[in-house]
Every structure is written in C-alpha cells, then in structure tokens.
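The next block holds one structure in the form of structure tokens; read it before the comments.
The values are calculated or read from the model by the stated rules, or taken from the named source; none is laboratory data. Remember, it's a predicted structure, so these values are computed and weren't measured experimentally. Heads up, the Cβs are rebuilt from the backbone with ideal geometry, glycines too, and the neighbour counts pull from every protein chain shown. The protein model used for the area step is the full one, side chains on, heavy atoms only, and it has no ligands, DNA or RNA in it. Shrake-Rupley method; radii C 1.70, N 1.55, O 1.52, S 1.80 Å.
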Amino acid sequence: MASETHPGLAAAAPGAERLRVLVVDEAPPYPPDSGKRLRTWHLLRRLARQHEVVLLCYAAGDQTAEERAQALAALAAAGIECHTVPPPPEAAGWRLYARLLANCFSAWPYSVAKHHSRRFRQTMRDLHRARGFDLLQVEWTPYASHLGAGAPPYLIASHNIEAQIWRRRAEVSGHALARFYFNWQAVKMERFERRVFRRARAVTVVSASDRAQAQGMGAAHSRIVANGVDLDDFRPAPGLVPSRLLFLGALDWFPNQDAVIYFVDTMLPLIRARRAGVEFKIVGRRPPATLRRRLETEPGVELVGEVADVRPWLASAAVVVVPLRVGGGSRIKIIEALAMEKAVIATTIGAEGLELRSGSHLLIADTPQQFARLTVQLLTSPEQCAHLGQAGGRWVRDRYSWDDSARALEAEWRRAAAGLDLHSAAGRRAGAAVAEEGEYR
C-alpha cells in the first residue's frame with residue numbers, strides 16, 4: 001500500500017458552493033487494497049477537502065473490530081464522515097446454490113439482490129432527510145437499487161460496465177449450465193444498468209469504451225473520470241530480480257483468479273520450456289483457500305497474498321503480467337506498474353481502457369503461445385524492458401493523476417447538483433415515475 005500523503009486539489013473558485021454529497025458504497029474504502037477501493041479512497045479524500053462528504057456503506061464483514069476502527073479513523077482523518085450498517089447475511093454451501101437458483105426467477109441480477117437491504121435503504125433516506133444532501137453518488141452501480149422517490153439527485157460512478165463482465169465470464173465458462181447462468185445474469189444486469197443510467201443526472205466512467213456503452217444504455221450525460229496513480233509514491237526503485245514475473249491484483253475477485261490459473265496452466269509451461277529458472281509471484285488481497293490449494297504444488301509459483309506495500313514487489317519484477325480474460329473498466333495495476341517503469345505484458349482485455357499502444361508502452365498478446373513468446377523476449381532483453389518501462393512511465397505521468405481525476409469528478413458533482421431540483425413539481429413527478437415503473441425493493 002502506498003504511504004499516506006496530503007493530496008492536492010485546486011482551491012474552489014471564489015464564491016463556489018461547498019456541496020453536501022452522500023456516497024453509498026459496499027464497504028469502507030480503507031485500506032485501499034483493491035482497484036475499486038484505491039479509486040474511491042483517492043478521489044473522496046481529495047474532494048473532502050472542499051466539500052462535505054458523507055459515506056454510507058456496510059460494515060466490512062471480512063475485517064476484525066480493530067481493522068474496522070482503523071478504517072473509520074482513517075476516513076475521519078481524511079474529512080470523510082462514515083456511517084455503516086450491518087451487511088446482509090452471507091450464504092454458503094447449499095444455501096448459496098439455493099439463492100442462485102431462486103435468482104434465476106427474479107428480475108434483479110444476483111449481484112444487485114445480494115447487496116440490497118431495507119435497513120440500508122432506510123438509513124440512506126434518514127440521512128438525506130436530516131442533512132438535505134445536494135447530490136448522492138452511487139459508488140458501485142448495484143447500489144442504485146436503494147434509490148427511489150424522494151432520493152436526492154444522483155450520479156453513478158461506474159467502475160465497470162457490469163453486464164460486460166457477466167458476458168465475458170460466460171465466454172470463459174466451460175460448462176453449458178454455467179454459460180447459461182452467466183449470460184442470463186448479463187441480460188438482467190444490462191436491463192438494470194439501462195434503467196438506472198437513464199435516471200442518473202450523470203454517469204462517470206473510467207474509459208472511452210465504457211462511456212460509449214453507457215451512452216448506448218441511455219445515459220443522458222456521461223464523462224470519463226480516469227483511474228490514476230499517486231505519482232509521488234509510485235516511481236522507479238531498485239531491487240529488480242531478472243527472472244521474476246509478477247501478477248498483482250485483488251484475489252477475491254473472480255477475473256483475477258481466472259487470470260492466474262489461465263497463466264499457470266497455459267502460458268507458464270511454455271515460458272519455462274524456453275527459459276529455465278523463471279519464478280512467478282502472485283500478490284493480492286484475500287486469496288481463497290481453493291486458489292492456494294490449486295497453486296501450492298506448482299514449482300516456482302508463490303502465492304504471496306496480501307502485502308502491506310506493493311511497491312517493493314513491483315520493483316522486484318522483471319515483467320508484470322496481466323493475462324485477464326474477464327474484466328471491464330481499466331486496470332490500476334497497470335498504471336502503477338508503468339509509473340514504476342516496469343515492463344508490462346497484457347491481454348487486450350487486461351490493457352483495455354488505458355489507450356496504451358502495444359509495442360510502445362507495453363506488449364499485448366491474446367493467445368498463450370504469443371503471450372509466452374513475448375514474455376520470454378522481454379526476459380531476455382533488459383534493453384526492451386527498460387525502453388517500454390520508460391515510455392510507459394512518461395505516458396502515465398502525463399495522463400493519469402488522481403488530482404486530475406478528482407477535479408474532473410468535482411466538475412461533475414457541480415454540474416449534477418445544479419440540475420433539476422427534485423423538490424420542484426417537475427422533480428416530484430420524476431421521482432414518482434420511478435415508483436410507478438416498478439421501483440426496486
């Protein structure tokens with residue numbers, strides 16, 4: 001994890017209004033140990049310097065009481081007021097499969113139903129009645145299920161186009177029943193995204209391709225608020241191990257689990273056949289026991305798991321691999337690696353959304369054979385690694401700053417908050433239309 005710094009955000013223009021913004025999300029974005037948490041943490045703590053930012057989320061069920069207290073203290077120190085409610089009960093074993101089966105007959109996608117609770121919704125309404133927020137930011141699209149008549153104007157911060165992820169998961173599933181299920185989830189998620197995107201004052205996305213999809217789903221106004229990197233923390237550092245490959249990513253997310261197994265099964269044997277002594281390190285939070293068992297007998301493969309600071313691991317990597325087959329949005333892990341001037345090789349899906357050029361800033365390969373060949377090429381050419389890393393580093397430093405992203409999001413906050421007044425007659429009619437069309441409950 002990067003060290004804490006005091007982020008910069010340009011001072012508001014004279015007379016500019018200090019906004020009151022309620023952000024609803026899955027869990028506190030601290031510690032910032034995944035791409036989604038990194039983005040939320042870096043943007044909100046910058047904006048909290050200029051605005052009143054209140055966060056409503058579930059208490060993180062995977063944290064101890066001490067860890068939860070540390071997270072709340074970090075948010076408070078950043079000027080973010082946080083309210084938590086107990087999360088809905090988790091299902092496991094046969095209960096999980098029963099829920100998945102029952103969800104086939106629900107209008108809601110499973111990832112929406114799983115995160116919805118009446119208590120969360122009522123707390124959101126109570127906070128708005130007491131505080132009169134200028135704007136509500138839905139920090140993850142499924143949480144728009146809690147909106148309805150009487151909610152403040154809202155902005156959806158789309159980290160990914162969720163329907164796209166479900167479709168891609170269906171494509172890589174080997175079982176016909178799984179493909180059917182994931183495709184059906186994609187259909188339901190697209191309906192949900194269309195519905196909530198149409199009603200949002202604004203939808204922010206992380207890439208041009210996501211913006212095109214959001215507009216195609218009916219978003220009246222969308223803007224790119226790119227992912228970024230803390231350029232003071234992520235910079236070139238010594239410690240390179242010439243034979244080391246690194247994968248970095250949250251390991252409680254299926255696309256990253258799939259990428260690791262895909263690489264170990266199809267690419268790593270081809271790499272080792274051409275270059276002996278290659279080691280593969282896998283760094284990321286909360287790896288499941290199934291993944292640990294799957295990898296524990298693989299020679300030269302180490303599942304490191306969660307670390308306090310990813311930078312020494314990035315510094316040690318000769319090549320950073322991003323072999324994703326499922327995903328959306330853009331990868332912060334690539335931005336961080338390039339900021340440290342590391343050589344990166346990725347699939348097209350792994351590198352999408354960043355407007356990087358293969359051969360100039362990184363290498364892109366979409367078959368195991370091509371991925372292995374280019375990885376060996378990098379391992380045997382420190383000069384090419386240095387050239388790609390330096391060019392990628394310049395590209396990132398010119399385009400991917402959290403300060404710039406925070407300013408873009410602040411502009412959207414002001415634009416969305418200055419729109420239709422929901423307390424007006426027109427606003428009440430618009431709110432009533434939500435309930436008439438079948439409000440999500």
**Complete:** Per GNM of the chain with C-alpha springs under 10 angstrom, the most fluctuating residue out of Gly327, Gly61, Gly35 is Gly61
**segment 102-111 - phi-based ³J(HN,Hα) in whole Hz, Karplus 6.51/-1.76/1.60, Gly and Pro as x** = 4, 5, 4, 9, 9, 6, 7, x, 4, 5
**Cross-link pairs beyond the 23 Å C-alpha cut-off, checked among Lys36/Lys333; Lys114/Lys333; Lys114/Lys281** = Lys114/Lys333; Lys114/Lys281
**Request:** Over the chain, calculate the relative contact order: mean separation of alpha carbon pairs under 8 Å at least 6 apart, over the residue count, as a percent.
**Result:** 17 percent
**Asked** Rolling a 1.4 angstrom probe over the protein heavy atoms, how many square angstrom per residue are accessible across the chain?
**Response** 42 Å²
**Prompt:** Which whole-angstrom value gives the distance between the alpha carbon centres of segment 317-377 and segment 147-172?
**Reply:** 25 Å
**Request:** Positive end of the charge dipole of the chain (Lys, Arg +1 and Asp, Glu -1 on Cβ, about the Cα centre): tell me which of Gly79, Ala315, Gln369 has its Cα farthest that way.
**Result:** Gln369
**Request:** Check the straight Cα-Cα distances from Lys188 and name the aspartates and glutamates below 19 Å, setting aside those fewer than 8 residues away within the same chain.
**Result:** Glu162, Glu171, Asp210, Glu437, Glu439
**Item:** Selected from Phe182, Phe247, Phe105 as most flexible by GNM, with the chain as the system and alpha-carbon contacts under 10 Å
**Value:** Phe105
**Request:** Rounded to whole Hz and in sequence order, give me ³J(HN,Hα) for segment 117-131 from the Karplus expression 6.51 cos²θ - 1.76 cosθ + 1.60, θ = phi - 60°, writing x for Gly and Pro.
**Result:** 8, 5, 5, 4, 5, 5, 5, 4, 5, 5, 4, 5, 5, 7, 10
**Message:** Only four residue types carry charge here, +1 at the Cβ of Lys and Arg and -1 at the Cβ of Asp and Glu. Report the dipole size of segment 322-388 about the Cα centre in Debye, rounded to the nearest 20.
**Reply:** 160 debye
**Asked** Hey, any idea what % of the chain's accessible area is carbon plus sulfur with a 1.4 Å probe?
**Response** 54 percent
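Please work out the ratio of the alpha-carbon Rg of the chain to 2.2 N^0.38 Å and round it to two decimals.
Normalised Rg, Cα atoms only: 0.99.
How about segment 335-415: which trypsin sites (Lys or Arg not before Pro) there are in a DSSP loop, with at most 16 other Cβ atoms within 10 Å of their Cβ?
Within segment 335-415, the qualifying trypsin sites (Lys or Arg not before Pro) (loop, at most 16 other Cβ atoms within 10 Å) are Arg357.
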**Asked** Which Cα, out of Leu270, Ala92, Ile224, lies furthest along the positive dipole direction of the chain (beta carbon charges, K/R +1, D/E -1)?
**Response** Ala92
**Message:** Please compute the length gained on full extension between Leu96 and Arg272, using 0.36 nm multiplied by the number of residues separating them and subtracting their Cα-Cα distance.
**Reply:** 59.4 nm
**Fill in**
Computed for segment 348-424: size of charge dipole around the Cα centre, +1 on C-beta of each Lys and Arg, -1 on C-beta of each Asp and Glu, debye to nearest 20, value 180 debye
**Prompt:** Roughly how many Å is it from the Cα centre of segment 60-135 to that of segment 190-254, as a whole number?
**Reply:** 22 Å
**Using θ = phi - 60° and Karplus 6.51 cos²θ - 1.76 cosθ + 1.60, couplings along segment 249-257 (whole Hz; Gly, Pro as x)** = x, 4, 8, 8, 10, 3, x, 6, 4
**Prompt:** Given a Förster distance of 35 angstrom, what is the FRET efficiency for Gln377 paired with Ala208, based on the Cβ-Cβ distance and rounded to 0.05?
**Reply:** 0.75
**Complete:** Taking max minus min of the Cα coordinates of segment 345-386 on each principal axis, largest first, gives extents in Å of 28, 22, 10
**Request:** Compute the FRET efficiency between Arg293 and Ala149 as 1/(1 + (r/R0)^6), taking r as their Cβ-Cβ distance and R0 = 51 Å, and round to the nearest 0.05.
**Result:** 0.55
**Message:** Springs between alpha-carbon pairs under 10 angstrom, Gaussian network model over the chain: which of Gln164, Gln215, Gln369 fluctuates most?
**Reply:** Gln369
